[in-house]
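Encoded as structure tokens, the structure appears first; notes follow it.
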Amino acid sequence: MMDWTAIALSANLALVTMLVLLPLAIAAARWLAVTPFRGKPWIEGLLALPLVLPPTVIGYYLLIAMGAHSPLGRWFEAVAGQTLAFSFSGLVVASVVFNIPFAVQPVQRAFEAISPEIREAAQCCGLTFWQAFRKIELPLAWPGILSAAVLTFAHTLGEFGVVLMVGGNIPGETKTVAIAIYDKTQSFDTASAGAMALLLLLISLVTIAVSYGLVDRLMRKRRAS
Amino acid sequence: MTLRLDLHHGGPPLDFRADLPKGVITALVGPSGSGKTSILRAVAGLLRLKRARIAMGDEVWDDGRLHLRARHRPIGFVPQHYGLFPHMTALGNVETALTHLPAKERRARAESCIALAHVAGLETRYPRELSGGQRQRVALARAIARDPRLLLLDEPFSAVDRSTRKRLYLELRRLHEQLHTTILLVTHDLDEAAQLASHLCLIRHGRLLQQGPTAEVMARPRCEEAARLLDIPNVFEGEIEEGDPAGPFLLWGPHRLRTTGQRPEETGSRQRWAVLPTNVLLARTDKPWGSHLENPVPALVEDVVLMGGDAVVWVRPRGLPEERVQMRLPARAVRRYSVVSGTEVTMCLRAADIVLLRESRP
């Protein structure tokens, strides 16, 4: 009834996406939070695009970018001996791209909320950039990073359009739980579709609610100061 | 070892040059937007200016090419809102400034700084659990932890109530007596500067108007802008009459006032001058003789306002219907000599108290 392969694949994809994306998102968010420069709205707009574009549009461009005729596609084929499109690696690349706003924005807001006085105090305390980042900024931005991780995870579990465009429907390789639900519905297996849909709903609800609760508790502790 | 500053910046304009004495508290005083915080941040190494030279004794911190980073300067910095790390306890905050020490020595050093700043017993509290005054003390403890040669304080008393502020003044003076660190204090509050600093720099529009020992600057502004900044209401214009061996005389309407001291050279015969309200004396009607009768000017009392033990009295000097002079007298003198509006009095301006002002540069 349950397509456990698809469920495991989705969980795996969500985890890998989160692990790949978070460090990149933290670096980009920190940079955007503290660096004023011309054209910043364009960079921020570019990173927010996945929020507003239809998944098919993102999927289409990703497919072109990963295709055997693109430099990325050719390079990947030369290194890995398989095409990037319609593979698990391709799905990871696509997931990372369409999750960028979900990961970058909460972290950027968190870094922006750290007052410049605190950063300057850290410098005057003799801390190097990395010491200040590790001891002061990262712990203070932690609620934002947690939000980003959870949103990325939950959003990857539920993504459908981009995955279908880039990955197709290969069991064990690119068939995620969202696509499995679609499949079951198409073949009138509503019992299986319903069970998996409920599972996905519950997982998403629990992760988001727990993370909101955690973030809220962290923030309330901070806000008093 | 003096702190030598030469700072220039286009916009907002900054054109500041000063030598600050070692081991004393120097106050940078000016209205908001005068550039005093920029100066402090430049000294801290947090702000890089187009043209700057900052040297502590022979040690150059900034000279156009070289720019020593904040973390390499022997400074302690207390920002306006203290910049405490909210996720660390008071002790953690102070220990964070001690990464240059071996880990096992940090605790003892942090605890001794906390004791010096009068916050012993609050080591395990987080900033949110501290009052404004306690936060300021923790920030001070953190700033002195690295044994800085220069302590930079940016309006450190602006966020606490009046009674706490007075206590913190005392504590800062005591701390300074113990450490003898050179302190640079930014404030817009003249009273605060007068109580804490023995050296004063007056700043306006990014430019140094005057610097020197606090009492001297406060009593003898050099130019009209400085007088206004020091909140001296009595600024007038007269005419200089030279050639008298008794000193230059100031012709002020029908009055001829003897003055002492140097006359600023660039003015013509017109001369702006000032006198502090506390230096305008009232001739006693019961003792119409004595040295206090220097430069007597008859005047008409226009208004009297009692403020605590003091009285602020406005008088109109005879023959000068446009001018009003403010006096500050003890309230009991006002009562004893029945100074009420409408009475005729004689005010006296001692020659040494008449301050001849330079023209303010535009």
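What residue, of B:ARG109, B:ARG48, B:ARG41, is over 23 Å from A:LEU138 (Cα atoms), of a type outside the set (A, V, I, L, M), at pLDDT 95 or above and assigned by TED's automatic domain parsing to the domain that holds B:ARG207? Quick ask: steps written out before the conclusion?
Numbers: B:ARG48 fails: at pLDDT 95 or above; B:ARG41 fails: at pLDDT 95 or above.
Unique residue meeting the criteria: B:ARG109.
Test of understanding: among A:GLY126, A:GLY172, A:GLY167, which residue is at positive phi, out of contact with any strand residue (DSSP E or B) (no Cβ under 8 Å at 6 or more places or on another chain) and touching a residue at least 60 places away in the same chain (Cβ under 8 Å)? Steps first, please.
Working: A:GLY126 fails: touching a residue at least 60 places away in the same chain (Cβ under 8 Å); A:GLY167 fails: at positive phi.
Only one candidate passes the filter, namely A:GLY172.
Could you list, in sequence order, the residues of segment B:298-350 that are among the basic types (Lys, Arg) and within 28 Å of the chain's Cα centre (by Cα)?
In the first step, residues of segment B:298-350 are kept if they are among the basic types (Lys, Arg); the result is B:316, B:318, B:324, B:328, B:332, B:335-336, B:350.
Correct list: B:ARG324, B:ARG328, B:ARG350.
So which strands (runs of 3 or more DSSP E) are wholly in segment B:194-275 and hold at least 1 residues that are more than 23 Å from the chain's Cα centre (by Cα) and surrounded by 14 or more Cβ atoms within 10 Å (Cβ to Cβ)?
Details: elements: B:199-204, B:207-213, B:235-241, B:249-252, B:255-258, B:270-274.
Per the criteria, B:235-241, B:249-252, B:255-258, B:270-274.
Looking only at segment B:325-362, which residues are under 20 Å from B:VAL297 (Cα atoms), touching a strand residue (DSSP E or B) at 6+ places or on another chain (Cβ under 9 Å) and part of a loop (DSSP other than H, G, I, E, B)?
Scanning segment B:325-362 gives B:TYR337, B:VAL339, B:VAL340, B:SER341, B:GLY342, B:THR343, B:ARG350, B:ILE354.
Look through segment A:119-135, keep the residues that are within 7 Å of another protein chain (Cβ to nearest Cβ) and in a helix (DSSP H, G or I), and return whichever of them is surrounded by the fewest Cβ atoms within 10 Å (Cβ to Cβ).
Among those that are within 7 Å of another protein chain (Cβ to nearest Cβ) and in a helix (DSSP H, G or I), it is A:GLN131.
Let me spell it out: the conditions are (1) part of a helix (DSSP H, G or I); (2) at the interface with another protein chain (Cβ under 10 Å from one of its Cβ atoms); (3) among the charged types (D, E, K, R), and B:ARG146 meets all of them except one. Which number is the exception?
(1)
Kindly provide the set of residues from segment B:41-66 that are more than 12 Å from chain A (Cβ to nearest Cβ) and farther than 21 Å from B:ASP19 by Cβ, ordered by number.
Of all residues in segment B:41-66, those more than 12 Å from chain A (Cβ to nearest Cβ) come to B:42, B:48-66.
Result: B:ARG48, B:LYS50, B:ARG65.
If you take the residues in segment B:150-187 that are of a type in the set (S, T, N, Q) and not in a helix (DSSP H, G or I), which one is farthest from B:VAL60 (Cα to Cα)? Even if it seems obvious, please write down each step before you answer.
If we filter segment B:150-187 for residues that are of a type in the set (S, T, N, Q), which is where we start, we get B:158, B:163-164, B:178, B:181-182, B:187.
Still in the running and not in a helix (DSSP H, G or I): B:158, B:181-182, B:187.
On the way: B:SER158: 32, B:THR181: 18, B:THR182: 17, B:THR187: 26 Å.
Here the residue is B:SER158.
Out of all the residues in segment B:51-74, which are within 23 Å of B:SER112 (Cα to Cα) and crowded, with 23+ Cβ neighbours inside 10 Å?
B:ARG73
Tell me which helices (runs of 4 or more DSSP H) are completely within segment A:160-225 and hold 3 or more residues being at pLDDT below 90, or say none if there are none.
Numbers: elements: A:161-167, A:177-186, A:190-223.
Hits in segment A:160-225: A:161-167, A:190-223.
Can you find a residue that is at pLDDT below 95 and within 16 Å of B:THR26 (Cβ to Cβ) anywhere in segment B:159-172?
At the first step, the residues of segment B:159-172 found to be at pLDDT below 95 are B:159-172.
Cutting the leftovers down to within 16 Å of B:THR26 (Cβ to Cβ) gives us B:169, B:172.
Taking every residue of segment B:159-172 in turn, at least one turns out to be at pLDDT below 95 and within 16 Å of B:THR26 (Cβ to Cβ).
For a quick check of your reading: which strands (runs of 3 or more DSSP E) sit entirely within segment B:24-63 and have at least 3 residues that are farther than 12 Å from B:LEU14 by Cβ and free of Cβ contacts under 8 Å to residues at least 40 places away in the same chain? First the steps, then the outcome.
Numbers: elements: B:25-29, B:51-56, B:59-63.
The strands (runs of 3 or more DSSP E) meeting that bar are B:59-63.
Being outside any helix (DSSP H, G or I) and either surrounded by 15 or more Cβ atoms within 10 Å (Cβ to Cβ) or touching a Cys at 6+ places or on another chain (Cβ under 7 Å) (or both) is the filter here; which residues of segment A:25-63 pass it? Break it down stepwise before answering.
Of segment A:25-63, the ones outside any helix (DSSP H, G or I) are A:35-39, A:53-54.
Scanning segment A:25-63 gives a single hit, A:LEU53.
Limited to segment B:100-115, what total is found for residues that are under 18 Å from B:ALA139 (Cα atoms), free of Cβ contacts under 8 Å to residues at least 12 places away in the same chain and either assigned to a loop (DSSP other than H, G, I, E, B) or not aliphatic (A, V, I, L, M) (or both)?
Restricting attention to segment B:100-115, the residues satisfying the condition of being under 18 Å from B:ALA139 (Cα atoms) are B:106-115.
Filter once more, keeping what is free of Cβ contacts under 8 Å to residues at least 12 places away in the same chain: B:106, B:108, B:112, B:115.
Restricting the remaining residues to those that are either assigned to a loop (DSSP other than H, G, I, E, B) or not aliphatic (A, V, I, L, M) (or both) gives B:106, B:112.
Final tally of qualifying residues: 2.
Any chance segment B:92-109 includes a residue that's within 12 Å of chain A (Cβ to nearest Cβ) and either under 29 Å from B:ARG162 (Cβ atoms) or touching a strand residue (DSSP E or B) at 6+ places or on another chain (Cβ under 6 Å) (or both)?
Within segment B:92-109, one or more residues are within 12 Å of chain A (Cβ to nearest Cβ) and either under 29 Å from B:ARG162 (Cβ atoms) or touching a strand residue (DSSP E or B) at 6+ places or on another chain (Cβ under 6 Å) (or both).
The values are calculated or read from the model by the stated rules, or taken from the named source; none is laboratory data. Treat the numbers as computed from the prediction; the structure is a model and nothing was measured. Counting neighbours? That spans all protein chains shown, and the Cβs are built from the backbone with ideal geometry, glycine included.
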